[in-house]
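Heads up, the thing below is written out as structure tokens.
The values are calculated or read from the model by the stated rules, or taken from the named source; none is laboratory data. As the structure is a computational prediction, the values presented were derived from the model and not from experiment. So basically every Cβ, Gly included, is an ideal-geometry build from the backbone, and we count neighbours across all protein chains shown.
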Amino acid sequence: MRSAKPVLTIHLFGLEVSVMASAAALTMVLMVAAAGLRLMRGGSLLGAVGFGLGVAVVHTGSCLGHHLGHAFAARLTGFPMQGIVAKDLIWRSAYPQNEPILPSLVHAKRALGGPAASLVLTGVSVVAWLATRAGPIELRRLMLVAMIDTGVVFSLGSLLPLGFTDGSTLLNLLRWGRPEK
């Protein structure tokens with residue numbers, strides 16, 4: 001079976017960030033859905049398109065910030081990440097295929113780096129939301145989206161043991177002493 005090729009590859013902070021077609025397509029769907037919701041609430045077409053674009057940028061930034069947190073934590077352990085793969089709306093951290101068997105504590109530190117970074121981004125979003133209280137309502141709504149995305153999805157949600165989350169890695173470490181079954 002052939003593996004899909006990325007539609008975009010960039011290098012950021014020593015990481016190869018690969019964006020797959022599914023991530024690009026679903027980000028466009030997210031953008032159109034957010035714009036549609038804004039239009040249904042009585043906004044102008046230009047305002048709705050701007051809001052949809054803003055939501056897509058906020059979500060992409062939330063994903064990137066979360067995984068840069070993993071990368072920072074991994075670098076601190078001495079076993080760094082290789083890259084980030086954006087596939088669908090859920091991204092994943094890429095580690096070297098020839099990585100040796102690592103102690104559970106290393107996996108735990110790397111897994112907690114993403115939620116910790118997302119928590120910091122949530123704090124930044126709260127401050128930005130408070131700073132825009134007298135500003136345009138669309139900007140405040142975007143800051144609210146950022147608070148929900150970083151706070152609920154990437155801070156708390158990533159700790160739920162759903163099989164593909166940081167919470168699953170941590171639970172597996174507790175159960176079996178390794179990151180996966």
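When the residues of region 11-31 are filtered to those that are part of a strand (DSSP E or B) and hydrophobic (A, V, I, L, M, F, W, C), the one that is nearest to Phe72 (Cα to Cα) is Leu15. Test Thr122 against the stated conditions and say whether it is out of contact with any Phe, Trp or Tyr (no Cβ under 7 Å at 6 or more places or on another chain), of a type in the set (Ser, Thr, Tyr) and modelled with pLDDT of 95 or more. When the stated conditions are applied, Thr122 passes them.
Out of Leu112, Leu139, which single residue is of a type in the set (A, V, I, L, M, F, W, C) and at pLDDT 95 or above? Exactly one of Leu112, Leu139 is of a type in the set (A, V, I, L, M, F, W, C) and at pLDDT 95 or above, namely Leu112.
Quick grid of which residues meet (1) free of Cβ contacts under 8 Å to residues at least 24 places away in the same chain; (2) surrounded by fewer than 16 Cβ atoms within 10 Å (Cβ to Cβ); (3) out of contact with any strand residue (DSSP E or B) (no Cβ under 6 Å at 6 or more places or on another chain):
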| residue | (1), (2), (3) |
| --- | --- |
| Val49 | yes, no, yes |
| Phe72 | no, no, yes |
| Gln82 | no, no, no |
| His107 | no, no, yes |
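Pairs linking a residue in region 112-133 that is farther than 18 Å from Leu144 by Cβ and free of Cβ contacts under 8 Å to residues at least 60 places away in the same chain to a residue that is part of a helix (DSSP H, G or I) and hydrophobic (A, V, I, L, M, F, W, C), with Cβ atoms under 6 Å and 6 or more positions apart or on different chains, are Gly113/Phe72; Gly113/Ala73; Pro115/Leu159. Looking only at region 148-181, which residues are modelled with pLDDT of 85 or more, touching a helix residue (DSSP H, G or I) at 6+ places or on another chain (Cβ under 7 Å) and over 27 Å from Val55 (Cα atoms)? Scanning region 148-181 gives Thr169, Leu170, Leu173. When residues in region 148-164 are screened for being closer than 16 Å to Gly123 by Cβ and touching a strand residue (DSSP E or B) at 6+ places or on another chain (Cβ under 9 Å), 0 of them pass. Inclusion of His66 among residues that are farther than 11 Å from Thr27 by Cα and in contact (Cβ under 8 Å) with a residue 40 or more places away in the chain is warranted. Within region 163-177, the set of residues being over 13 Å from Ser104 (Cα atoms) and surrounded by fewer than 12 Cβ atoms within 10 Å (Cβ to Cβ) comprises Gly163, Phe164.
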